[in-house]
Amino acid sequence: MSKRILVVTGGGDCPGLNAVIRGIVKSAKLDGNWEIIGCIESYNGLLKENIEIMPLTEKEVAGIHVKGGTIIKTTNRGGPFNFPVQQPDGSWKTEDKSQLLLQRLDDLGIEAIISIGGDGSQRISLELAKLGVNVVGVPKTIDNDLSCTDFTFGFQTAVQIATEAVDKLVTTAESHNRVFIVEVMGRDAGWIALHTALGGGAEVCIIPEIPYNPKIIAEKIETRYKNGEGFCNIVIAEGAKTLDGKVTGTAPVAIGDQHIKLGGAGDKLKYELEQIGIKHDIRVTVLGHLQRGGIPIAYDRILATAFGVKAFELVKEKKYGNMVVYNHPEITYASLEEVVKNLNFIDPQNNSLLCAAKKIGISFGD
């Protein structure tokens, strides 16, 4: 009888998810005696009244490494420990459905789970591991904020998309003597912003790890103009903080969603600069979900495929409670406990890329 592995993709969608799934399925097929099952919308597929799962065969995964998104869907709401349930009066509350999940895993004869997701997903993985579930994690996030791995898949594609956007905005900024503010994703980590600023040649880069002073940014902008002519390109992370340490966003409203909705950092900076007295025309472009959609670049397809293969190997070797990681040049693994202990942030004092950015004149508003 074939052993069954359940594959889940949780959190936001991310370029390379399908490549991981394909890597798992193809390596399991070559090894033999394995059946791969996809759970629709992360764990929700097993927690709904009507179970939603699908067999992941070689036919199902053929050619999907070039496609964005995930063929088994994903969600950042709910989960086995905070599943949204509608009450008789029409209201909603979250309930712990972990025991129901364990029962359904047993009913389906699931040998192990491969959970492909970011920080929130791997915290769920760790809690399930504590309940005795055989689980292996795969690091997925465009934010690159998971510890123990040099890169997460999806990050390089997000940077490429953001850099191409800056490339395009440079030409229109120069043509109109404008200041362009490009707001990128990343939540509380500035990796996308830093890499984009370096790759796109921005003059200012604002990251969550360095609270910014609008007056210093205004001074930098003025160095880019002479007799009213010039231009300036600014990359700002959605989680950027002013000197008071506050971020710009709104509280979540969807049941089961526990993440603050970051957004508006670019518009806030525009307002601050105008209040200071910047007279140049300032425009804001928010890239939003463009950064996480579409075709993954080759780097992420390769990394994601290698992650999928390694995840299957960890299951085969019964090395549960671990997450696949990339420690150049090796694809290896680290414990889930170590992975979720701390997030991966930019060290303002010791990061070599940040140091290089400053040495070519990029201002961080500090």
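Here, each number is a calculation from the coordinates, and none is a lab measurement. Computed from a predicted model, the values in this text were never measured in an experiment. In this analysis, Cβ positions are derived from the backbone assuming ideal geometry, glycine residues included, and neighbour counts consider all displayed protein chains.
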In the chain, taking the dipole from +1 charges on Lys and Arg beta carbons and -1 charges on Asp and Glu beta carbons about the Cα centre, the listed residue (PHE345, GLY23, CYS39) farthest towards the positive end is GLY23
Using only the alpha carbon atoms of region 1-102, find the Kirkwood hydrodynamic radius as the inverse mean reciprocal pair distance, in angstroms to one decimal.
14.6 Å
Cross-chain or 8 or more residues apart, Cα under 19 Å: how many lysine pairs in region 42-105 fit that? Count them up, please.
5
Once you charge only the Cβ atoms, +1 for Lys and Arg and -1 for Asp and Glu, what is the size of the charge dipole of region 1-158 about its Cα centre, to the nearest 20 debye?
280 debye
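Can you give the FRET efficiency for ILE295 and MET54, using 1/(1 + (r/R0)^6), R0 = 22 Å, r = Cβ-Cβ distance, to the nearest 0.05?
Between ILE295 and MET54 the formula returns 0.45.
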Distance between modelled label sites at LEU131 and GLN349, nm, 7 Å Cα→Cβ extension
4.1 nm
Any idea how far the Cα center of region 72-90 sits from the one of region 270-287, in Å?
40 Å
Counting other C-beta atoms within 10 Å, and keeping those with at most 14, which DSSP coil trypsin sites (Lys or Arg not before Pro) do you find in region 199-303?
LYS246, LYS279
How big is region 292-350 by Rg and Dmax over its Cα atoms, in Å?
13.9, 42
Nearest 20 debye, what's the magnitude of the dipole of the chain about its Cα centre given +1 on Lys and Arg Cβ and -1 on Asp and Glu Cβ?
360 debye
Based on DSSP, what percent of beta bridges with both residues in region 182-273 are antiparallel, to the nearest 5?
35 percent
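So if R0 is 30 Å, what FRET efficiency would ASN327 and SER91 give, r being the distance between their Cβ atoms, rounded to the nearest 0.05? Write out the running numbers ahead of the final one.
Details: r = 47 Å, r/R0 = 1.57.
So, using R0 = 30 Å, E works out to roughly 0.05.
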Can you tell me the FRET efficiency between ILE260 and LYS29 if r is taken as the Cβ-Cβ distance and R0 is 35 Å, rounded to the nearest 0.05?
0.25
What's the angle, to the nearest 10 degrees (0 to 90), between helix 155-176's Cα axis and the longest principal axis of the chain?
20 degrees
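LYS316 to ASP366: extension gain in nm, 0.36 nm per residue of separation minus the Cα-Cα distance?
Numbers: separation 50, 0.36 × 50 = 18.00 nm, distance 4.97 nm.
That pair, LYS316 and ASP366, stretches by 13.0 nm at full extension.
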ASN177 versus ASN342: modelled label distance in nm, points set 7 Å from Cα along the beta carbon direction:
4.8 nm
What is the mean projected area of the alpha carbon convex hull for the chain, to one decimal in square nanometres?
19.8 nm²
Extending each Cα 7 Å along its Cβ direction at VAL66 and GLN99, get the distance between those two points in nm, one decimal.
5.0 nm
Any idea what diffusion coefficient region 160-234 gets from Stokes-Einstein, in µm²/s, Kirkwood Rh on alpha carbon pairs, 10 °C, 1.306 mPa s?
125 µm²/s
Longest segment of the chain lacking GluC sites (Glu not before Pro) that sit in a DSSP loop with at most 12 other Cβ atoms within 10 Å
50-316
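To check you understand DSSP bridge types, tell me what percent of the beta bridges within the chain (both residues inside) are antiparallel, rounded to 5.
On the way: 18 of 53 bridges.
Taking every DSSP beta bridge with both residues in the chain, the antiparallel ones total about 35 percent.
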Starting from 0.36 nm per residue, how many nanometres of slack lie between ARG283 and LYS246 once their C-alpha separation is accounted for?
11.1 nm
